[in-house]
Amino acid sequence: MADIHIDSGIVGILNLTSTERHNPKRRENTMTGRLPVLSILIPLSLAAGARMVTAAEPACLSCHSAPGFREMGANGVEKSLYVDQAALASSVHASKSCLDCHVDFRGQSLPHKPTAQPVQCVRCHRSGNTLGTPDVSRIHNFADIVHGSALKNAKPDAPQCEDCHGTHEIRRATDPKSTVYRGSLPATCGKCHPGAGKDFAAESIHVLTTPKRDAVVYWVRMFYILLVVGLMSSFCGYILLDLRARWIGRLAWRRGDHRR
Amino acid sequence: MTSTPDAPAERRFKRMTLNQRIQHIILMTSFFTLVVTGFPVRYPDSPVSSKIIQLVGGFTMRSRIHRLAACVLIGLTVYHVFYMTLSKHGRSELRALMPAFKDATDAIQMLKFYVGLTPNTPLFDRFNFIEKFEYLALGWGSILMIATGLMLWFQNQTLEYLPKWTLDVARVIHSYEALLGFLAIIVWHFYQVHLNPQVFPMSRVWLDGEISEHQLKTLHPLEYERILKQEVGRPTQPHPKNHSL
């Protein structure tokens with residue numbers, strides 16, 4: 001962890017962007033222009049960390065612990081790449097390695113590629129996982145739910161897990177400091193649904209239609225399934241009876257026929 | 001019934017006015033647009049969904065088209081309510097479409113006829129129990145679809161007053177009611193007006209608004225009888241015991 005403290009200090013002073021850090025040419029130009037004295041130190045510190053990224057020793061915080069560490073997004077808006085170590089330490093994922101979630105950086109050398117893939121929470125939060133993590137895969141498999149359907153359809157405004165749960169600061173839903181704590185939901189939901197009232201999240205956000213949980217949604221859904229199956233069976237039965245009556249000559253077969 | 005060159009043309013009766021036919025075409029167009037553009041939301045994993053989204057130019061465009069068609073359906077529904085309550089012909093049609101006890105007995109008699117318990121089919125008036133059921137189901141379904149669709153469209157405004165679970169229920173209703181409506185049209189309505197051997201390949205009433213004398217006599221004998229009674233100087237013809245429905 002020693003190099004983490006050293007690097008974070010340097011990076012914090014320089015306030016480099018991610019693009020600058022991961023692009024040697026731009027990094028060099030920026031550093032030369034900004035702070036010539038430290039232009040040697042940064043490549044050296046990076047060179048010292050130019051090793052394979054492993055789960056056991058990710059060294060990610062050597063850069064990402066700097067509060068000013070950021071990158072320019074494709075939309076022209078700067079995005080912070082800072083990881084609050086205190087928040088991370090108090091989160092439910094405190095014992096996890098960075099690479100447990102950011103799997104696309106496994107096996108890469110530092111400096112790693114500049115583009116990170118979105119974290120797939122369902123890698124762990126799936127049914128049958130052996131880690132004991134909450135299973136949310138049913139939410140993604142159920143198209144009747146607004147958020148699940150939006151995600152599956154890749155709607156531009158579809159919420160990702162982190163939009164509600166946060167990223168490195170994720171806490172249990174029973175923790176009052178959690179963004180998904182019952183009392184915090186109006187504010188969290190209000191980010192996308194302005195004006196959401198205090199009763200907004202009176203029921204589940206992750207709807208799982210069972211008789212015990214989300215019973216109203218469950219029974220409405222069951223009613224419609226029975227209605228669709230019942231009505232379609234009745235329609236098909238009636239049509240078959242009608243066709244039979246025409247086939248055996250009790251009703252007209254062709255247009256204009258009185259009898260077959 | 002094959003017509004010959006010397007045979008007089010069969011008399012035809014008006015069944016749908018031009019106004020009603022235009023309403024039907026608008027309903028048909030908006031309905032199928034809503035079905036096609038709503039399919040990707042109901043079945044996001046289907047390869048058909050990705051084709052539809054690609055065809056219409058993306059998910060956002062899909063949403064716009066869906067909502068445009070919804071506006072057309074809402075406008076038509078509002079117009080139809082005024083038409084059926086304020087116009088003389090509309091009120092007459094509405095009265096004829098109201099369910100009555102005879103519809104229940106007609107349905108039972110029809111089933112008894114199919115299984116051979118009675119030799120005669122029921123005598124239908126202007127609208128039989130199937131047509132009444134279709135119309136009322138369409139009306140009720142439209143109200144539900146419009147109400148839940150508006151909740152989902154204006155979800156933030158909805159959530160200002162209602163808890164989230166109402167939106168989940170609205171989505172379930174919107175989704176399954178759409179499925180029900182689509183299947184009802186494809187299975188039930190298409191059989192009645194397209195695939196039924198007696199009208200195959202298609203009843204032309206929705207295009208020219210007319211029905212032949214033979215079809216009126218056999219499909220709606222009570223209405224046929226009433227029309228003849230109203231016509232001066234034309235005797236009433238007794239209806240046959242068996243009707244070639």
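The values are calculated or read from the model by the stated rules, or taken from the named source; none is laboratory data. Quick caveat, the model's predicted, so the values are computed rather than measured. Note that each Cβ is placed from the backbone with ideal geometry, even for glycine, and that neighbours are counted across all protein chains shown.
Is it true that some residue in the range B:59-72 is within 30 Å of B:Arg226 (Cβ to Cβ), assigned to a helix (DSSP H, G or I), of a type in the set (D, E, K, R) and at pLDDT 95 or above? No: the range B:59-72 contains no residue that is within 30 Å of B:Arg226 (Cβ to Cβ), assigned to a helix (DSSP H, G or I), of a type in the set (D, E, K, R) and at pLDDT 95 or above. Residues in the range B:37-51 that are buried (at least 18 other Cβ atoms within 10 Å of the Cβ), part of a helix (DSSP H, G or I) and free of Cβ contacts under 8 Å to residues at least 60 places away in the same chain: B:Thr37, B:Phe39, B:Pro40, B:Ser49.
In summary, helices (runs of 4 or more DSSP H) completely within the range B:127-206 and bearing 2 or more residues that are closer than 20 Å to B:Ala96 by Cβ occur at B:129-153.
Taking the conditions (1) at pLDDT 90 or above; (2) facing chain B (nearest Cβ under 10 Å) in turn, A:Ser233 satisfies each one other than (2).
Looking at the range B:182-189, can you tell me whether even one residue there is within 9 Å of chain A (Cβ to nearest Cβ), surrounded by 19 or more Cβ atoms within 10 Å (Cβ to Cβ) and at pLDDT 90 or above? The answer is yes, given that some residue of the range B:182-189 is within 9 Å of chain A (Cβ to nearest Cβ), surrounded by 19 or more Cβ atoms within 10 Å (Cβ to Cβ) and at pLDDT 90 or above. Is it the case that the range A:64-84 has a residue that's exposed (fewer than 12 other Cβ atoms within 10 Å of the Cβ), modelled with pLDDT under 80 and among the aliphatic types (A, V, I, L, M)? Looking for residues that are exposed (fewer than 12 other Cβ atoms within 10 Å of the Cβ), modelled with pLDDT under 80 and among the aliphatic types (A, V, I, L, M), one finds at least one in the range A:64-84, hence yes.
Cβ separations smaller than 9 Å between residues 6+ apart or across chains give the following pairs from the range A:83-99 residues that are more than 15 Å from A:Lys177 (Cα to Cα) to residues that are of a type in the set (Val, Ile, Thr) and surrounded by fewer than 15 Cβ atoms within 10 Å (Cβ to Cβ): A:Ser97/A:Thr54; A:Leu99/A:Thr54. Is it true that A:Arg250 is modelled with pLDDT under 85, surrounded by fewer than 13 Cβ atoms within 10 Å (Cβ to Cβ) and assigned to a loop (DSSP other than H, G, I, E, B)? Against the criterion (modelled with pLDDT under 85, surrounded by fewer than 13 Cβ atoms within 10 Å (Cβ to Cβ) and assigned to a loop (DSSP other than H, G, I, E, B)), A:Arg250 does not qualify. Just one of the listed residues (B:Phe82, B:Phe31) is more than 14 Å from chain A (Cβ to nearest Cβ), among the aromatic types (Phe, Trp, Tyr), loosely packed, with under 12 Cβ neighbours inside 10 Å and part of a helix (DSSP H, G or I), and it is B:Phe82. For the range B:137-162, the candidate set comprises residues that are among the hydroxyl-bearing types (Ser, Thr, Tyr) and touching a residue at least 24 places away in the same chain (Cβ under 8 Å); within that set, the residue that is surrounded by the fewest Cβ atoms within 10 Å (Cβ to Cβ) is B:Ser142. Here is the figure for the range A:100-135: residues that are touching a residue at least 60 places away in the same chain (Cβ under 8 Å) and either of a type in the set (D, E, K, R) or surrounded by 16 or more Cβ atoms within 10 Å (Cβ to Cβ) (or both) total 4.
In the list A:Pro194, A:Pro186, A:Pro176, A:Pro211, which residue meets the criterion of being part of a loop (DSSP other than H, G, I, E, B), at pLDDT 75 or above and within 14 Å of another protein chain (Cβ to nearest Cβ)?
One residue alone meets the criteria, A:Pro194.
Examine the range B:109-119 for a residue that is away from chain A (no Cβ under 14 Å), of a type in the set (Phe, Trp, Tyr) and within 30 Å of B:Glu210 (Cα to Cα), and state whether such a residue exists. No; the residues of the range B:109-119 include none that is away from chain A (no Cβ under 14 Å), of a type in the set (Phe, Trp, Tyr) and within 30 Å of B:Glu210 (Cα to Cα). Filtering A:Asp157, A:Asp144 for residues that are modelled with pLDDT under 75, assigned to a loop (DSSP other than H, G, I, E, B) and more than 18 Å from A:Ser62 (Cα to Cα) leaves a single hit, A:Asp144.
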